[in-house]
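To start, the structure under review is shown below, and the notes come after it.
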Amino acid sequence: MSQWNQVQQLEIKFLEQVDQFYDDNFPMEIRHLLAQWIETQDWEVASNNETMATILLQNLLIQLDEQLGRVSKEKNLLLIHNLKRIRKVLQGKFHGNPMHVAVVISNCLREERRILAAANMPIQGPLEKSLQSSSVSERQRNVEHKVSAIKNSVQMTEQDTKYLEDLQDEFDYRYKTIQTMDQGDKNSILVNQEVLTLQEMLNSLDFKRKEALSKMTQIVNETDLLMNSMLLEELQDWKKRQQIACIGGPLHNGLDQLQNCFTLLAESLFQLRQQLEKLQEQSTKMTYEGDPIPAQRAHLLERATFLIYNLFKNSFVVERQPCMPTHPQRPMVLKTLIRFTVKLRLLIKLPELNYQVKVKASIDKNVSTLSNRRFVLCGTHVKAMSSEESSNGSLSVEFRHLQPKEMKCSTGSKGNEGCHMVTEELHSITFETQICLYGLTINLETSSLPVVMISNVSQLPNAWAS
């Protein structure tokens with residue numbers, strides 16, 4: 001069943017939410033008439049690719065023309081009138097900026113999926129309702145809307161950067177033309193007019209550079225505020241829900257929404273860094289007294305890079321905590337020499353990272369020196385993350401064959417495995433990886449919740465109680 005068909009079958013309270021984000025930018029009539037075609041196009045990719053966005057906009061108008069031809073035969077006067085008006089509005093609004101229509105449609109489809117996911121959630125019990133209050137849901141929506149707004153702003157600054165490049169090329173061409181003239185020609189009225197034109201172009205270039213840098217500064221400020229005041233709060237709430245779920249609480253969810261936000265922010269920040277690099281190239285080719293690029297670009301690049309590091313460091317999470325397959329209802333309790341599973345996820349899903357991110361698992365890496373017991377992990381403890389590890393295509397890695405083994409004590413005798421009960425001594429499993437992307441190297445580390453190690457199944461009840 002198509003996504004749009006699923007949307008139409010929602011309850012009225014969810015349909016009202018859908019109605020809120022369809023407007024003249026992307027009318028619901030078009031969503032309805034071209035539902036199947038729209039869902040088969042990759043609007044997400046087109047929102048970052050001007051050539052692809054231009055082709056999709058042209059194809060969208062062609063699809064509209066075909067619908068107009070069909071309804072004309074049916075002599076549906078009202079629908080004909082609306083389609084003609086919509087086509088005229090879309091062509092006028094997006095002709096010079098095709099990437100914007102891709103952003104709009106991509107956001108609408110994403111909102112539909114979010115609402116469908118919310119509608120398909122199982123009925124919540126009292127405890128889950130208290131955890132996922134209406135205020136939390138409202139905050140989630142606010143985060144998603146702000147992330148989309150930042151993405152749109154970055155698309156606009158992309159257009160500004162291209163415009164600056166074209167303006168500078170034209171200025172450079174005109175300036176070189178004057179320079180190649182003979183001395184006699186340089187005193188002509190025509191040349192004097194051209195010099196005035198060049199001065200106006202230089203003033204416009206200076207204004208546009210300052211405007212572009214001002215917009216980029218605002219994007220960095222908004223991203224910084226969003227990450228620290230809302231997005232990381234959402235992540236901490238998810239971790240708390242996961243912790244409660246490990247001791248018998250309701251099932252936790254929300255990682256898909258967080259992944260969407262983390263990914264869009266990462267894409268936006270990387271795109272912003274590329275724009276700043278282009279501004280540097282432009283300034284290198286042509287600069288002047290008072291040029292704002294040398295004064296502002298380096299600081300902006302440093303801030304954007306710091307946000308990328310922070311975003312990645314928080315995006316590396318334990319999606320499913322350590323658990324023995326033989327005791328799925330008792331996670332966080334592990335028996336020596338019995339395999340357990342644990343799943344990691346990177347909330348930033350970029351195709352360049354698929355199979356490139358290798359995760360290493362270790363135990364007791366930062367253990368307190370007060371503990372007398374030490375463990376090592378047997379089995380495959382280094383694996384690469386891939387989108388095939390997860391049913392929803394997220395960038396994940398699952399360790400399925402790890403086994404904790406107690407190390408021999410310093411005296412050379414065997415460890416006290418199986419000789420005494422361990423119910424209060426906590427251990428931690430650490431996961432490390434390194435991201436190399438677009439010239440940046442980022443070291444990531446995360447840990448599981450504390451686990452209790454046992455050496456005999458009879459110790460399980462006491463271990464679980466601890």
If exposed GluC sites (Glu not before Pro) are those in a DSSP loop with at most 10 other Cβ within 10 Å, what is the longest stretch of the chain that has none? 12-288
Cα-based Lys pair tally, the stretch 3-120, threshold under 30 Å, eight or more apart or on separate chains: 7
Run lengths n ≥ 4 of DSSP H only: what is the helix-derived mean residue ellipticity at 222 nm for the chain, with -39500 (n - 2.57) per run over all residues, to the nearest 500? -19000 deg cm²/dmol
Excluding residues fewer than 8 positions from residue 210 in its own chain, the lysines with Cα under 22 Å of it are 151, 162, 278, 285
Working from Cα positions, state the angle (0 to 90°, nearest 10) between the long axis of helix 189-226 and the longest principal axis of the chain. 20
Acute angle (nearest 10 degrees) that the helix 255-285 long axis makes with the longest principal axis of the chain, alpha-carbon atoms: 40
Given +1 on the Cβ of Lys and Arg, -1 on the Cβ of Asp and Glu, and no further charges, what dipole in debye does the chain carry about its Cα centre, rounded to the nearest 20? 1800
So, counting K/R as plus one and D/E as minus one, what does the shell of residues with Cβ under 10 Å around residue 432 add up to? +2
Once the other residues with Cβ under 12 Å from the Cβ of residue 451 are scored (Lys, Arg +1; Asp, Glu -1), what is the net sum? 0
Mind checking which of 296, 145, 443 is farthest towards the positive end of the chain's charge dipole, using Cβ charges of +1 (Lys, Arg) and -1 (Asp, Glu) about the Cα centre? 443
When DSSP beta bridges are limited to those with both residues in the chain, what percentage is antiparallel, rounded to the nearest 5? 90
What number comes out for the charge environment of residue 4, summing +1 per Lys or Arg and -1 per Asp or Glu over other residues with Cβ under 9 Å away? -1
Considering only C-alpha atoms, what is the centroid distance from the stretch 23-102 to the stretch 257-309, in Å? 33
Could you give the angle, 0 to 90 degrees to the nearest 10, between helix 292-315's Cα long axis and the longest principal axis of the Cα atoms of the chain? 30
Put +1 on the Cβ of each Lys and Arg and -1 on the Cβ of each Asp and Glu in the stretch 3-120; which of 45, 33, 15 then has its Cα farthest toward the positive end of the dipole? 33
Give the lysines whose C-alpha is closer than 30 Å to that of residue 405, dropping any in the same chain fewer than 8 places away, or say none. 239, 240, 313, 335, 343, 358, 360, 365, 383, 414
Tell me, which longest segment in the chain has none of the chymotrypsin sites (Phe, Trp or Tyr not before Pro) that fall in DSSP loops with at most 13 further Cβ atoms within 10 Å? 1-287
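No value in this document is a laboratory result; all are computed from the given coordinates. All values derive from a computational prediction rather than experimental measurement. Don't worry about glycine lacking a Cβ; one is built from the backbone with ideal geometry, like all the others, and counts go over all protein chains shown.
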